[in-house]
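The values are calculated or read from the model by the stated rules, or taken from the named source; none is laboratory data. A quick note: this is a predicted structure, and the numbers were derived from the prediction, not measured. These area figures cover heavy atoms from the full protein model, side chains too; ligands, DNA and RNA do not enter into them. Shrake-Rupley method; radii C 1.70, N 1.55, O 1.52, S 1.80 Å.
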Amino acid sequence: MSEPAPEQLIYDPAEVFTEVFSNPVLARDIADVLDCREVNSLVGFLEDQGRSDIASVWLARHLSDCDDPPRHLH
């Protein structure tokens, strides 16, 4: 099979990002090492992409070790 031409490799970066970060195992493994600003950005993005379900997983996992939970109220 031949390689696709570069113009055929078009993808939606937001869709790929959402797919990658929609993994609950990834959320479990790294949400507590992200800072509050990073988690809030990720959660907001996932919610905007219609993935409130996984956004809540990221937030819940981060909050389990967060030193400043009020930073996540919205």
**Message:** Probe radius 1.4 Å, ligands and nucleic acids ignored: give me the carbon and sulfur share of the accessible area of region 34-74 as a rounded percent.
**Reply:** 49 percent
**Prompt:** What angle, in degrees between 0 and 90 and rounded to the nearest 10, separates the Cα long axis of helix 52-63 from the longest principal axis of the Cα atoms of the chain?
**Reply:** 50 degrees
**Request:** For the chain, report the accessible area per residue in Å² (1.4 Å probe, heavy atoms, rounded to an integer).
**Result:** 73 Å²
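Could you tell me what a quarter of the Cα convex hull surface of the chain works out to, in nm² with one decimal place? Kindly include the intermediate steps, with their values, before the conclusion.
Values: hull surface 25.9 nm².
Computing the convex hull of the Cα atoms and averaging its projections yields 6.5 nm².
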